[in-house]
Every structure is written in structure tokens, then in C-alpha cells.
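The values are calculated or read from the model by the stated rules, or taken from the named source; none is laboratory data. Model, not experiment: these values are computed from the prediction. Neighbour counts are summed over all protein chains in view; Cβ atoms, including those assigned to glycine, are modelled from backbone coordinates with ideal geometry.
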Amino acid sequence: MKVRTIKYIFNEGVKNVYKNRLMSLASISTITASLIIFGIFYLIIANINHNIMKLKEQPEMQVFCNPELDDMGVKLVQNALIRNSNIAEVTMVTKEEAFEKIKEMLDEDADLLEGLDSSFLPVSFIIKLKDIANSGEVVKELKKINGVDKVTYPQKTMEIISKFTNWIHVISIVLTAILLIISVFIISNTIKLTVFARRKEISIMKYIGATNWFIRWPFIVEGILIGFIGAAVSFVISGFFYNRIENRFTQELIQAGTDIITLLKFNEINLPMLVMFMFLGCTVGAFGSIISIRRYLKV
Amino acid sequence: MKVRTIKYIFNEGVKNVYKNRLMSLASISTITASLIIFGIFYLIIANINHNIMKLKEQPEMQVFCNPELDDMGVKLVQNALIRNSNIAEVTMVTKEEAFEKIKEMLDEDADLLEGLDSSFLPVSFIIKLKDIANSGEVVKELKKINGVDKVTYPQKTMEIISKFTNWIHVISIVLTAILLIISVFIISNTIKLTVFARRKEISIMKYIGATNWFIRWPFIVEGILIGFIGAAVSFVISGFFYNRIENRFTQELIQAGTDIITLLKFNEINLPMLVMFMFLGCTVGAFGSIISIRRYLKV
Amino acid sequence: MIEFIKVKKVYPNDVVALNNINVKINKGEFVFLVGQSGSGKSTFLKLILKEEDPTEGTIFVNGYEVSAMKRRDIPYLRRSIGVVFQDFRLLPDKTVYENVAFAMRITEALPKEIRRQVPMALGLVGLSRKANVFPNQLSGGEQQRVAVARAIVNNPSILIADEPTGNLDPETSWEIMKLLVDINNRGTTVVVATHEKSIVDSLKKRVICLDRGTIIRDQQKGTYENEGTHNKIYI
Amino acid sequence: MIEFIKVKKVYPNDVVALNNINVKINKGEFVFLVGQSGSGKSTFLKLILKEEDPTEGTIFVNGYEVSAMKRRDIPYLRRSIGVVFQDFRLLPDKTVYENVAFAMRITEALPKEIRRQVPMALGLVGLSRKANVFPNQLSGGEQQRVAVARAIVNNPSILIADEPTGNLDPETSWEIMKLLVDINNRGTTVVVATHEKSIVDSLKKRVICLDRGTIIRDQQKGTYENEGTHNKIYI
Ligand SMILES: Nc1ncnc2c1ncn2[C@@H]1O[C@H](COP(=O)(O)OP(=O)(O)OP(=O)(O)O)[C@@H](O)[C@H]1O
Ligand SMILES: Nc1ncnc2c1ncn2[C@@H]1O[C@H](COP(=O)(O)OP(=O)(O)OP(=O)(O)O)[C@@H](O)[C@H]1O
Ligand SMILES: [Mg+2]
Ligand SMILES: [Mg+2]
């Protein structure tokens, strides 16, 4: 193919978007709409996953040292914990702190403890795991450490959270896949209809002696351009609204004084989103054109 | 309009779906696809709301009676609680149960309690609210009851959950609205393209002397039929897959031995969904046709 | 009755298709509209149908003031006029029978009437055997004849034919023209834009000749070309 | 060179459009294809272009065995043939200039060539002034002439014209026919399906007459209708 033909084809594709602007507008806006849906899903799922990751770090294990263990021994246990690769965070609870806690628990009946001091209580460590999925294992390991008396942990809760996050993972992957397929489907359907509306022109070109590729290329350029515009528009719209929502929501959360839930910033996730949008818009635009044209080229 | 014309118009509309089957298929499947997306959202949101409702019932208040209150007094307090319209559930904690609890809390140090019996502890009631939003109020009311010593409740948690559920509510309404708008948009875009592909026929009819309504009606019938089929197909597909997923998920949850999360059965939510699908499919089909045709009737 | 008073038609791209057209075609007349390619014949006919609106001037058709009528009334104007369009304008999704029947359906004609009239009209143009095929399965001339059948099926009070024999052999052309004359004899006003010199010359009907948008000749019992005399008759 | 050997064409709905056609058209010949409406002229031309495939028989065009050629080669066959389609087949989104230029663009012609050839072709059919308008802004005859311009612009080795003057006045028709004769004189094989009796009669070229799908006459220096002699010449 000669350079002048490539130029011509490129020009044609771009011009056609304008010439058939009614259809182009319909396609672009359909692509935009389906990518926005996809984007909404994607953003929700990204945030859910983000918060799930945090949730996974929440439940704590408590490692109790032998009450008779001396400071040296405690230090050794602490070091062992810190070195453990499954553990994200280690916080020490001294004998005194433990005593205060019990006092608090007894509330008005704290006078029961009168005359006692903290020495009968053990030093303990509150531990956050990196991934609660292997909590069972970790417990076994920790119990083997010299000077460790017992390990308490909310087994049930951990199992549930673990299961739960797995499920959310699976669901989010499945949903993303479904949404992807449906978006591709809607976009290619739209392209199919726009090609259909021009089936006669395609056959005329064929009757005059144009090769299939000579006819196809401008449509492909057009498809990519339409897909590109649709992707860009939906990216901008999604980003704009996500930012506003994220701001508002974060503010509310700060007011409520909680950090259980936090939202991702748009710029933490916009790259993969942009890539996906562009991929969906342009690829489906291009291949949708190629496939839709096929049947009308057989003349 | 004469009966024979109505018959003719109806026939035309139905026949056209078949005659333009390539386009009809594209429209139907686009409608199906967008309604499925809408359905996915709707089902997810319905389930989240359902679980949120359950979550709202979770946090408990504890109402402590005066330790010296006699059985009669306790009974009166209990009655007052049960009669309170904001309260969903009342569970009594006897002195003995409270004593056991404290023992458990002290764990290995329970020997501290030796020589004591439960009489120094108060009878208390664990209370679940119908709506945690008005927990503040309820606390005030409860404190006024004769014989009530104090009321404890996780104020912070309740406020957060309340805020949180409100947010989820707002988000789900906004999302549903957005999805609705986008679905309507995609569907009407598709209808627009199919009408566009037949613009020449519309103008021919007009040149021969057909009135606008004579031309419009078959398109409207066609639009409704296509919308109806799309709605029906998407309803069946959504229902089928939802049932499967719901079964599987429920099983998992049972295995995990938790009832924190439960899924709605499809038949608990299928009616509003069907209504919405049909409304979206048929109405948008019909009005999409009317609006898209307009510009081609001006000849 | 068709009347053009000081009609001018300028297309959006500044092409003056008709200029200062004053002409009156009485009920029951048979008129040939002749002139070179691009002289404005089709535009003249489009104005009658309100397919285009005049830039200036007034047009009366069947008592309607076409240039000022309500959009709502256009379909009723068009129904009273049978038209053979230069580009046929058949509905591609309908069979030949249904294409012709469609002109009656829009008037909410009785099914009995339709079943009587449509086969008759197809018979008149010699297409009875093609009733159930689609336009794209017809030859050029056959499509043109379907257009003729559709134009006459409603017994319109005015019949407009734009080049109705352009795709027909002389013999079939003659038959179609005779058909138009027959219809005219039964009282229908007929206006035919045509290039068929031999037919125009032998039928000796009124001839209006357009040249670059103006009427250069309007002759009773006229011929295709101006006769030797060079006596151009202007109205 | 075009050759039909025992060609039969039956359309899917069992219409026999052509039957037992044996004919050879040599390089440089000028052939009129005549016959009643629906006699199979367009079908004959469509077979040459491989727009339709024959049901039986073999067709050779420019050395290709059309009936057995690869799909891939069809565009190259079609480029070597200039065609005026009965229904024009202009691209509605392109201007007159671009419609004509398109036939050259597909051959990846030099821009210089295009800028030279296209205006020339448009000049030959008398449409230089309409170069920048769109087909729907043209009169019927103007559209037809654009189709002619597009057919000749590539200097094809074969020129096929299906009713190229159906929408033209006699004068313009003559000019177009003369143009085709000119092109033929420069070596191009020309096949014209037409109903223009007067033109066929005066040009005295080879005439092939079809009747209901069979060749009933193939005459050198023939006329539109069989002459008084009734000596039908079959090949
Ligand atoms: N829609 C349009 N927009 C712009 N110009 C137009 C349009 N339709 C026709 N014209 C121009 O107006 C002039 C008259 O066109 P018209 O179709 O009336 O000619 P005509 O006499 O019917 O010719 P023919 O015999 O070739 O059909 C021509 O020059 C044509 O190019
Ligand atoms: N695609 C098709 N499907 C079925 N029948 C067809 C098709 N095309 C043409 N025919 C039929 O085949 C016959 C020959 O058609 P063709 O177009 O070759 O005639 P023609 O000689 O060109 O006529 P005209 O002068 O009217 O253009 C006609 O009876 C026509 O109805
Ligand atoms: Mg015209
Ligand atoms: Mg033909």
C-alpha cells in the first residue's frame, strides 16, 4: 500500500466521523455510557478491595508471655515476633497496662482488685497479621516461641473475614469480566448498526473495484477514533465525578471521626482505568468495524 | 383510526421485527445487555441494603437495673422495655449470668472473685433497636424508667453505622438512578440507529402521503416488542444466574457457619425487577422510536 | 388544478432551479414537461408535492395554497396526487403488491377495495406475475412500472410522472403512456416530465418547455422541440 | 474480450433471467444490448462484472474465467471495466468530484493523475460546474452523467453502460453516446444496454437483442428493431 493511499485512508476515516456525525455521536455516546458503567463498577470494586485489604489487617492476635518471664525474656519474644514475616504490627501491653484494662472491665467493681498489683498479670503483645488467611499456621509458630504462655485470637472472625474477602475477590473478578463482556458487546453492537446503515456504500465501493482492505481501513480508522473519543470522554467524566464523590465522602468520614473506611484517590487508580478504557474503546471500535463489515464485502 | 388500520399497523410492527432481524437482534441484545447490567446493580444493591438492615440491628444497648431492685421492680423495667416501640428485642441478663461473664472475662484470674456471690451485680437487659438512628433518644427514655441505674451503648459505633447505612442508601439510590439513565440512554441510542438505517423508507412513506402517526405506529409497536423481548430475556438470564450464585453463596456461608451475611432469594425481589425491566424495555422502546423518527418525518 | 404564480426556487447551494414561473394547468389537462437535463422539471414537480418549498411565489394545487399550508395537511395533499418519482422510491422491505397496496392503506381503504384495485393496477403495467417479489429482485424497467402502478392505484385527481419511461423499451413506454392518456381521459389531470421525443411529438398534447429554470415555451398540441416556425409561445 | 459459453442464469426465486447464452464480444467492439424490459440485459452485464454468478456455463472477461476466479481477484477484474450502473450507485457522502476520483483512488493513482483526469471526465459529460456538490443535489440526468464520468475516468479496457441515457434529453443523450463511440474508437470495448431506438438505429453498430433471456438476434451494423426482412440472425 502506497503512502498516498495510507494518507487518503486516514483522511477518509477521520472525515467520515464528521460526515456521519449523527451516527458517530450515537456511537460515541453509547461507548461513553458503557465505559462509564464499567468505570463505576471498576471504581467501586477497587475501593471495596482496598478496604477489604484494610479489614484483613484489623483482627488482632494476642500473645501472652509467661507471667514469670523477665524483661530479657520479653525482649526475646518481642524480637521473635517482629522478625516473623507474617506479622505486620506488634504492640506490647505491659503488666501495668493489663492491670488498668482489667480495672476498666470491672468498672464500678474495681475495688475487688484492691491490694493487688500488676505483677500477677502477664506481659502480652497485640499482633496484626499481614494476611489473616494463614492465622492458624502463625498461631502454631508463635506457640513454639520460648516464654510464650498462650495465644488468643478470634478464630471464627478471622475465618469468616478470610472467606469473605476471598468471595469479594472472586465476585469482583467475575463482575469485572461480565461488565467487560457486556461493554464489548454493546459497543460492537453499536458499531454493527452504524456499519449496517452504510451497507449500500460498502457494496458500491466493492462494485467499482475497491479491495476489501481499501474499504475496511477507513472504517477501522473511524472505529478507533470513535472508540478513542468515547474512552477519553468517559475517562474524564468518571474522573471528575469520582473526585467530587471521593472528596465529599472522605470529609464525611473525617467528620464522623472514623477511618474504618477510606476511599482511594483517583490518581491512585486512574492509570489502569485509562489503559482499560482505551483498550476497550479503540480495540472494540476497530475489530467491531472489521467484523461488522465482513458480510457486506461479499459482493 | 379504523380497526383495519390498527390491525395493519400492529401486523406491520411485528413483521418489521422479523424483516429487519439483523437490526432487531442487535437492538434486542443491546437492550438485554444493558438491562442485565442494570439488573446486576439492582441485585447487588438490594442485597447490600438487606444486609445493612440486619447490620443496623446488631449493636446492642445494655440497660442495668439498680442492683438492689427486687424481682417485681425488674419485671416492671422489662415490661417498660418491651412496650417501647423503638426496641426490637429484649434479652434479660440475670445476676448469675453477669457473674459468669465476669468470671470468663477474668479468665485464669477468676480466683479473685472467690468468696463473692452474684448479689452485688445488677440485673441487666440487652436490647436491640429497630433503628439505631434514634439511639440517643432511646437512651434518654430508658434512663427515665424507674429502677434503671445506667444505660451503656457503643455510641461511636452506632453513630458510624447509622451514618454508614445512610450513605449506602444515598449511594445506592444515586447509582440506580445513574444506571437507569445510562440504560435508557444506550437503549434509545440503539433505537435511534435502527431508525436511522431506515430513514429513507420513512421519507418515502411520507412522500406518498402517509400521516405521521401512520408511519410512527408500526415503529412504536416494533419498539415495544423489541423492548419487551429484551426485558424478558434479560429477566430470565438475570434470574437464572442470580439463583445459581445465591445457592452457591448461601451454601458457602452455611459451611462457614455464619449468618452475618445472607442473600435475598430471587423471588423476594423479582417483582419490582420485572416491573422495572418491562418499564425500561417497553417505554424506552416506544418513546425512543417516537423521538428518533421525528426528524425524518419532516419531509 | 395547478397554478404557479411568480415562483422562484433557489436551492441552498444557490442554484436557481426555477425562476419566475407563471403557469396554470387546468383540471383534466394532459401536460408534457420537457427540457434539458437539469432544466428544473423535477423541481417543478417537487414543488407541486411540497417536497420542496418555493423561495418566492405562490403555488395552488387542488385548492390548497401549497406554499402556506399546514404541515398536518401535507399528507392529504399528497394522497390526492399520484406520483411516479424519477428515482422510483419503492419500499425495499415490501413486495411489489404491498408497495402498491401501501398507497391505499394510508387512506384506510377497505381491504376489499385493495384486493380489487392492486391486482388491476399491476395488470395495467404488465406486472401481475411479479406481485410477490421484492423491488431488488426486479429489473430497472419493472421497478419503474411498479412506481406507475402505485401512482394510479388510488385514482388520484392529479397524476405526476417524472420520467416514467426512462428505463423502458419503446414498446412498453408506449403502453405506459397510453395508460396515462387513458387515465387522463377519465378526468385526471396528468403532468409528465419526459425526454421521449417520439411520444411527445405524436401525442400532440400541451407541452411546457423549461430551459435553465424558465419556461421558454408553452404550447397546446405541442412537440418535443420547437417547430421550424420558431414562434415561441409564452403565457 | 468477453465470451459467454452456454450461460444460464436462474435467480433464487426461480426466475430464468438468461438461458443458453453463447456470445463473443471482441476487443474493440461496440455492442448495443437491446430487448424489452425484463429481458435480461442488466443480468448479462452483471455476469460480466461478477455481480451475479451464472447458474450454468462459463464466462471469460479480459482473460479471467469469471465464473471460477478467486474472490481476491474480483476487484482487479472490476477495475479493468468501467461501469455505468442502471441505478447509478453514486456514493452519497462524497461530492461529484470525489465520486469520480474514487475510481482512481482505489487503483492508487498518482494525485497528479487524479487532478488531471477527473476534471477532464467531468468536462466530457458537461458537469464541470457541479464538481463540488453531492449526488442528492443533482438532477436525475446529472447523476447519470456522473456515473458515466466515473466509468470512463480510468480509461478502462472494457466499458459497460446499463441504460446510460435513460434520464437524459435527446441532445445530451447524443453527446453521451458520441462520447462512448469516441472512447471505443480509442480501443475500448463498449457494451451498452439501451432503449434509445433512434440512437441505435443511426449508429449502425453491432446489436444483440435479448428476448426473455435468450439472444434472438445478433447483428453487425444492426438496428433497434428487427428490420422488415424478418431474417433473424442467430449465432
Ligand atoms: N437538492 C438540491 N440541491 C441543490 N441543487 C439541486 C437540488 N436538486 C436539484 N438541484 C439543481 O437544480 C437544477 C434543476 O434540477 P432538476 O432536478 O429540477 O432538473 P431536471 O429538469 O429534473 O433534470 P433531469 O432531466 O436531469 O432530471 C439542477 O441544476 C440541479 O443540479
Ligand atoms: N435479484 C433478482 N432476483 C430475482 N429476479 C431478478 C433479479 N434481478 C432481476 N430479476 C429478474 O430477472 C429478469 C431479467 O432482469 P434484468 O434486470 O436482467 O432485465 P433488463 O433486461 O435489464 O430489464 P430493464 O430494461 O427493465 O432494466 C426480470 O424478470 C427480473 O424480474
Ligand atoms: Mg429530473
Ligand atoms: Mg436493466
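The table below gives the values:
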read-out: Pair list, Cβ under 8 Å, 6 or more apart: the stretch D:106-118 residue at the interface with chain A (Cβ under 8 Å from one of its Cβ atoms), other residue part of a helix (DSSP H, G or I) and surrounded by fewer than 17 Cβ atoms within 10 Å (Cβ to Cβ); value: D:E108/A:R4; D:L110/A:R4; D:P111/A:R4
read-out: The stretch D:53-85, residues that are hydrophobic (A, V, I, L, M, F, W, C) and either out of contact with any strand residue (DSSP E or B) (no Cβ under 7 Å at 6 or more places or on another chain) or free of Cβ contacts under 8 Å to residues at least 60 places away in the same chain (or both); value: D:I59, D:F60, D:V66, D:A68, D:M69, D:I74, D:L77
read-out: Only one of D:V146, D:V190 that is more than 12 Å from the chain's Cα centre (by Cα), among the hydrophobic types (A, V, I, L, M, F, W, C) and away from ligand 2 (no atom under 16 Å from the Cβ); value: D:V146
read-out: Close pairs (6 angstrom Cβ cut-off, 6 or more residues apart or separate chains): assigned by TED's automatic domain parsing to the domain that holds C:V34 in the stretch C:180-201, among the basic types (K, R) and part of a loop (DSSP other than H, G, I, E, B) anywhere; value: C:T189/C:K27
read-out: Residue within the stretch D:148-169 that is part of a helix (DSSP H, G or I) and farther than 26 Å from D:M1 by Cα present; value: no
read-out: One residue from C:K50, C:K6 being without any contact (Cβ under 8 Å) to a residue 40 or more places away in the chain, outside any helix (DSSP H, G or I) and on the phi > 0 side of the Ramachandran plot; value: C:K50
read-out: Residue list for the stretch D:46-64, restricted to those being more than 8 Å from ligand 2 (Cβ to nearest atom) and within 14 Å of another protein chain (Cβ to nearest Cβ); value: D:L47, D:I48, D:L49, D:K50, D:E51, D:D53, D:V61, D:N62, D:Y64
read-out: Residue check, D:N136 more than 9 Å from chain C (Cβ to nearest Cβ) and within 14 Å of ligand 3 (Cβ to nearest atom); value: yes
read-out: The one condition in (1) part of a loop (DSSP other than H, G, I, E, B); (2) surrounded by fewer than 22 Cβ atoms within 10 Å (Cβ to Cβ); (3) small (G, A, S) that D:S67 fails to fulfil; value: (1)
read-out: Positions within the stretch A:157-206 being hydroxyl-bearing (S, T, Y) and within 17 Å of the chain's Cα centre (by Cα), in sequence order; value: A:T165, A:S172, A:T176
read-out: Residue in the stretch A:162-173 that is in a helix (DSSP H, G or I), more than 14 Å from chain D (Cβ to nearest Cβ), surrounded by 19 or more Cβ atoms within 10 Å (Cβ to Cβ) and hydrophobic (A, V, I, L, M, F, W, C) present; value: yes
read-out: Flag for D:D182 being within 13 Å of another protein chain (Cβ to nearest Cβ) and not aromatic (F, W, Y); value: no
read-out: Matching residues, the stretch D:10-41, being near ligand 2 (Cβ under 8 Å from one of its atoms) and in contact with a Ser or Thr (Cβ under 6 Å, 6 or more places away or on another chain); value: D:A17, D:L18, D:S37, D:G38
read-out: Residue list for the stretch D:53-63, filter: assigned to a loop (DSSP other than H, G, I, E, B) and either within 13 Å of ligand 4 (Cβ to nearest atom) or on the phi < 0 side of the Ramachandran plot (or both); value: D:D53, D:P54, D:T55
read-out: Residue within the stretch B:193-202 that is aromatic (F, W, Y), surrounded by fewer than 16 Cβ atoms within 10 Å (Cβ to Cβ) and touching a residue at least 12 places away in the same chain (Cβ under 8 Å) present; value: no
read-out: Selection count, the stretch B:1-13, where residues are surrounded by 14 or more Cβ atoms within 10 Å (Cβ to Cβ) and more than 7 Å from chain C (Cβ to nearest Cβ); value: 4
read-out: Conditions (1) out of contact with any strand residue (DSSP E or B) (no Cβ under 6 Å at 6 or more places or on another chain); (2) not in a loop (DSSP other than H, G, I, E, B); number of the one not met by C:A109; value: (2)
read-out: Residues being in contact with a helix residue (DSSP H, G or I) (Cβ under 8 Å, 6 or more places away or on another chain) and either charged (D, E, K, R) or within 16 Å of ligand 3 (Cβ to nearest atom) (or both) - total across the stretch C:30-60; value: 15
read-out: Number of the exception - C:T165 against (1) within 25 Å of C:E51 (Cα to Cα); (2) under 15 Å from the mean Cα position of the chain (by Cα); (3) without any contact (Cβ under 8 Å) to a residue 40 or more places away in the chain; (4) more than 16 Å from ligand 1 (Cβ to nearest atom); value: (4)
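Listed here are the residues, each with its yes/no results for (1) away from ligand 1 (no atom under 16 Å from the Cβ); (2) within 14 Å of D:V153 (Cα to Cα).
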{"position": "D:S42", "(1), (2)": "yes, no"}
{"position": "D:K50", "(1), (2)": "yes, no"}
{"position": "D:E56", "(1), (2)": "yes, no"}
{"position": "D:Y64", "(1), (2)": "yes, no"}
{"position": "D:L90", "(1), (2)": "no, no"}
{"position": "D:E98", "(1), (2)": "yes, yes"}
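Residues are listed down the side, and each one gets a yes or a no for (1) more than 16 Å from ligand 2 (Cβ to nearest atom); (2) touching a strand residue (DSSP E or B) at 6+ places or on another chain (Cβ under 8 Å):
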position: D:I114; (1), (2): yes, no
position: D:Q117; (1), (2): yes, no
position: D:D162; (1), (2): no, yes
position: D:D169; (1), (2): yes, yes
